[in-house]
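Below is one structure, written out as structure tokens, with a few remarks after it.
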There are 2 protein chains.
Amino acid sequence: MTTETGAHPFDLATVLKQDGEGRYVGHTTPDYSNMVGPFGGITAATLLRAVLDDPRRIADPLSITVNFAGPIADGLFTIDALPVRTNRTTQHWSLTLSQNDSVATTATVVCGLRRATWADTEIDPPAAPPPDAAPAAAMPEYPAWLRNYEMRFVEGNLLSGQASPTSTSTLWVRDAPSRALDFASATAMSDVFFPRIFLRLGTMVAASTVTLTVYFHADAQTLADYGDRPVLATARAQHFGNGYFDQSAHLWTDAARPLVTTHQLVYFKA
Amino acid sequence: MTTETGAHPFDLATVLKQDGEGRYVGHTTPDYSNMVGPFGGITAATLLRAVLDDPRRIADPLSITVNFAGPIADGLFTIDALPVRTNRTTQHWSLTLSQNDSVATTATVVCGLRRATWADTEIDPPAAPPPDAAPAAAMPEYPAWLRNYEMRFVEGNLLSGQASPTSTSTLWVRDAPSRALDFASATAMSDVFFPRIFLRLGTMVAASTVTLTVYFHADAQTLADYGDRPVLATARAQHFGNGYFDQSAHLWTDAARPLVTTHQLVYFKA
């Protein structure tokens, strides 16, 4: 089922109301709640949407970095978005998400014009059968945000409940109900992987993303043309230690074209 | 030769003078100049140093993201460093580097307490002979910043002048004159790789880093204990297209311990 854009739960969860130049008011949505506060991916997408919505924007996003500084309480929040530097072809934004004058999240976004150049992809997508060959995982009731995604695991499904020698997960993922891909939804999908420490230990421990960076390799037209087809998503940790691990992930089209490369640093207690 | 800390060119290039709470004045140094403006790694290290120097800092750095928003002219610059959120164990900083009230660079830094936890490294260092077995590359006169590093290439030296089928470079690197490793110098070393597009095309084209992120896997003691021994550095691009490519890189000790994982998005014209 595809819901009309605008009425889709993702759009409702990331909608912002402008309150003066560069100031936007949003609200958390129970549909996208995580263990504590909202799913980080929806927060990141909402911050990006402030830039996407801003009439001062000169180009599409190239990258976003989101720093999760403190918990977000249920209810309203304010995003302040400032284009700190606008050049001829690039624009640099700084953003904060606040509640009661306390900053909960910061972000920087780089926008820039794309043009045809020499191109090559050096990395390969992970081996995976077509989406239809992988069954959609039954999603738990909790945390709620998981029910907004259809996940077809190829490797590394948490639900095995066993410790794994590697932290790699590969899955076909799309919004549920399905929705055409765009920069905002690709940002949220970049955070769709449960914490890699769960997979290594075979159990859930306290874990939360500290900082997330997304590089967009696809332009707006490529994302729109891809529509609501499942995205091939793969993630792994590189190093765990001293209470933190990093995760490196890629999102691919079903034709082996890279959409996004993304990295995050995650706090854990184990 | 090891120069006394403080008098080392790296320390002189990143030195800041405090001018009120959270405000620091620095200056560019001809020794670290690049094609246009300073070497990005020295700018990143100088921004980190503003946080390292700040008496409000509660813990060591976990990560830094630097956005290169515009050119930095030769001369003085001002860094404004704001701890936007201080928690019990983590602290989030936002920074700008300005000249004449125009923002040239933005950055965010996350600091956080480290403690002993479950640990594992999933990635492997690249194959490399010991540093002494790789000759130190003769450095060109221009750009000047290269002469501040001793580089012993194992793979992917630009100077071959031939197009390469992959963008991987691996080298042993240290400051020249040698200097004990710390967060600031590890940040600069994270940007020590020439643009990967040069290697693929076998020629130099216009290229500049748009945004750079560094995750610090080593703590201050580990860095200090490593001293001035060469660091094993490896970098590759993942995707080139539409005027941008991303680079993923690692810095390792000579005992296969990860010091840093780092990523950047780079503009190019080709």
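FYI, it's all coordinate maths here, none of it is from the lab. All values derive from a computational prediction rather than experimental measurement. Virtual Cβ from ideal backbone geometry, glycine too; neighbours counted across all protein chains shown.
Listing for the model above:
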{"item": "Rounded FRET efficiency, nearest 0.05, which uses the C-beta distance separating B:I123 from A:R147 and R0 of 35 Å", "result": "0.60"}
{"item": "Centre separation in Å (Cα based) which lies between the range A:153-218 and the range B:187-216", "result": "28"}
{"item": "Per-selection Kirkwood Rh - chain B (Cα, Å, 1 d.p.)", "result": "18.9"}
{"item": "Karplus (6.51, -1.76, 1.60) ³J(HN,Hα), θ = phi - 60°, over the range A:41-49, in Hz, Gly and Pro reported as x", "result": "x, 6, 5, 4, 5, 5, 5, 5, 4"}
{"item": "Amide hydrogen neighbours beyond the local backbone of A:H27, cut-off 5 Å, H modeled", "result": "A:F77"}
{"item": "Distances in nm from B:P30 to the matching label points in the other copies, shortest first (labels 7 Å along Cα to Cβ)", "result": "6.8"}
{"item": "Per-selection Rg to Rh, the range B:156-256 - Cα, Kirkwood hydrodynamic radius", "result": "0.99"}
{"item": "Stokes-Einstein D (µm²/s) once Rh is taken as the Kirkwood radius of the range B:1-72 over alpha-carbon pairs, at 10 °C in 1.306 mPa s", "result": "118"}
{"item": "Likely footprinting exposure, B:V25, A:V36, fewest C-beta neighbours within 10 Å first", "result": "A:V36, B:V25"}
{"item": "Directionally averaged shadow of the range B:80-189, computed from the convex hull of its alpha-carbon atoms, nm²", "result": "11.7"}
{"item": "R0 of 35 Å, Cβ-Cβ distance A:D228-A:A270: FRET efficiency to nearest 0.05", "result": "0.40"}
{"item": "Nonlocal amide H pairs with A:G243, under 5 Å, H built at 1.01 Å", "result": "B:R115, B:T117"}
{"item": "Cut-off of 10 Å, at most 14 other beta carbons, DSSP loop: longest stretch of chain B lacking such GluC sites (Glu not before Pro)", "result": "B:142-270"}
{"item": "Label geometry 7 Å along the beta-carbon vector: B:T203 inter-copy distances in nm", "result": "6.0"}
{"item": "Span per principal axis, largest first, for the Cα atoms of the range A:11-115 (Å)", "result": "41, 26, 24"}
{"item": "Placed amide H near A:N87: partners under 5 Å, 5+ positions off or other chain", "result": "A:H92"}
{"item": "Simple Cβ-charge dipole of chain B, Lys/Arg +1 and Asp/Glu -1, about Cα centre, in debye nearest 20", "result": "480"}
{"item": "Sites A:Q18 and B:A136, calculated FRET efficiency, Cβ-Cβ separation with R0 56 Å, nearest 0.05", "result": "0.45"}
{"item": "Exposed trypsin sites (Lys or Arg not before Pro) absent - longest run of chain A, DSSP non-H/G/I/E/B, at most 15 other C-beta within 10 Å", "result": "A:116-268"}
{"item": "Pairs of Cα atoms farther than 30 Å apart, the protein assembly as shown, %", "result": "46"}
{"item": "Extension reserve of the B:L113-B:A7 stretch, reckoned as 0.36 nm per residue once the Cα distance is removed", "result": "35.2 nm"}
